[in-house]
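**Student:** Before anything else, here's the structure in question.
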Amino acid sequence: MQAPVTPAGSVSTGETPLQRPPVAISSPPSAATTTRRRLLVSAGGLLLAAAAGNNNAASRGAAAAAVDLGYDPVTEAERAASAAVSQRVGEAVRLLEAGRELQARGEFAGALASFTAVVSGYKELALSEYARVGRALVLYEIGDRDESITEMEDVSVALKGYPEIHAALAAALYADKHAPLLAEFQFNIATLLDPHYSDLAYVRDTKHWPPSLVASLKNFITLT
C-alpha cells in the first residue's frame, strides 16, 4: 500500500514566503498644491530679476562714480602730443595763407619765402604739398623756370587730380619745353576736372597766377 502523496503547495519548507511590496498609487496633485508650486516658481523668477536689476544699478553707479571722479581715457602725454600737432598745423596754415595773400598782391619774393617755409618746415603735413604748388608758380615768375617745372611735375604726381597744377604744368611745358603733346595731356586733365582753367581771367584774377605764367597759358590756348 502506497503512502499518501502530499500536495506540493502544502509542503512546508521552513522558510517564510516572499511578499511583493505594496504598490503606492499616487493621486493627482490637488489644486492647492499646483497653486503653491506656481507661486514658488514666480517668486524665484522675481528674485532673479531683482538680483539682475541690482547688478545693473551697481554698474551704472560705478560708471557715474567714475565720471564724478573726472575719469578721462586720454592720457596727459596723448593730450600734449595732440596739442603739439594742432599747433604745428595752425602755424603751417597761417604761413600758407600768408603766401597766397602775398602772391595775390604781386609780392612774389615774400610769397616764395612763405611757401618755402611750409615746404621745408612742415614736410610731415599733407598741406605742404599745396605750398609746393604756390612755390612752383612763384618760382616761374622770379626764380629758375627749370626748377619751377620740375616742382610742377613732382607735385602733379603727388597731387594727381589737382587741376591747378595740371593747368600750370601745361602752360610751362608748351611755352618753355616746347612739348605740345605733353602740354595737351596735362591741360585735358585740368579742364576735365575744372573747366575754369581755360579762362585766362579766372587764373589771373581768381587764382592770382603770376603774369608770366598767365602769358604762357595764353600762348598755349591760342597756339601762338
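**Student:** For segment 108-170, which helices (runs of 4 or more DSSP H) that fit wholly inside it have 2 or more residues that are crowded, with 16+ Cβ neighbours inside 10 Å, of a type in the set (Gly, Ala, Ser) and touching a residue at least 40 places away in the same chain (Cβ under 8 Å)?
**Tutor:** none
**Student:** Okay, next question. Find the residue count for segment 180-210, including only residues that are over 21 Å from residue 161 (Cβ atoms), out of contact with any Lys or Arg (no Cβ under 7 Å at 6 or more places or on another chain) and either part of a helix (DSSP H, G or I) or free of Cβ contacts under 8 Å to residues at least 60 places away in the same chain (or both).
**Tutor:** Qualifying residue count for the region: 4.
**Student:** Being buried (at least 17 other Cβ atoms within 10 Å of the Cβ) and free of Cβ contacts under 8 Å to residues at least 40 places away in the same chain is the requirement here; does residue 224 meet it?
**Tutor:** No: the conditions fail for residue 224.
**Student:** Could you grab me the full set of residues in segment 94-107 that are part of a helix (DSSP H, G or I) and surrounded by fewer than 16 Cβ atoms within 10 Å (Cβ to Cβ)?
**Tutor:** If the condition is that a residue be part of a helix (DSSP H, G or I) and surrounded by fewer than 16 Cβ atoms within 10 Å (Cβ to Cβ), then 94, 97, 101, 104 are the ones that fit.
**Student:** Now for a different question. Would you pick out the residues in segment 114-140 that are basic (Lys, Arg), closer than 16 Å to residue 98 by Cα and under 29 Å from the mean Cα position of the chain (by Cα)?
**Tutor:** The answer is 132, and nothing else.
**Student:** Please specify each residue of segment 184-221 satisfying the condition of being β-branched (Val, Ile, Thr) and exposed (fewer than 15 other Cβ atoms within 10 Å of the Cβ).
**Tutor:** 206
**Student:** Can you tell me how many residues within segment 68-88 are surrounded by 10 or more Cβ atoms within 10 Å (Cβ to Cβ) and modelled with pLDDT under 65?
**Tutor:** 0
**Student:** Anything in segment 149-193 that is within 35 Å of the chain's Cα centre (by Cα) and either of a type in the set (Phe, Trp, Tyr) or at positive phi (or both)? List them, or say none.
**Tutor:** Selection gives 161, 162, 185, 187.
**Student:** Residue check: is residue 202 closer than 30 Å to residue 91 by Cα and touching a Leu at 6+ places or on another chain (Cβ under 8 Å)?
**Tutor:** For residue 202, the condition - closer than 30 Å to residue 91 by Cα and touching a Leu at 6+ places or on another chain (Cβ under 8 Å) - is not met.
**Student:** Moving on. Is it the case that residue 95 is closer than 30 Å to residue 207 by Cα, in contact with a Gly (Cβ under 6 Å, 6 or more places away or on another chain) and either modelled with pLDDT of 55 or more or not polar (S, T, N, Q) (or both)?
**Tutor:** Taking the combined requirement at face value, the residue does not satisfy it.
The values are calculated or read from the model by the stated rules, or taken from the named source; none is laboratory data. No experiment lies behind these values; they were computed from the predicted model shown. Positions of Cβ are backbone-derived with ideal geometry, glycine not excepted, and every protein chain shown enters the neighbour counts.
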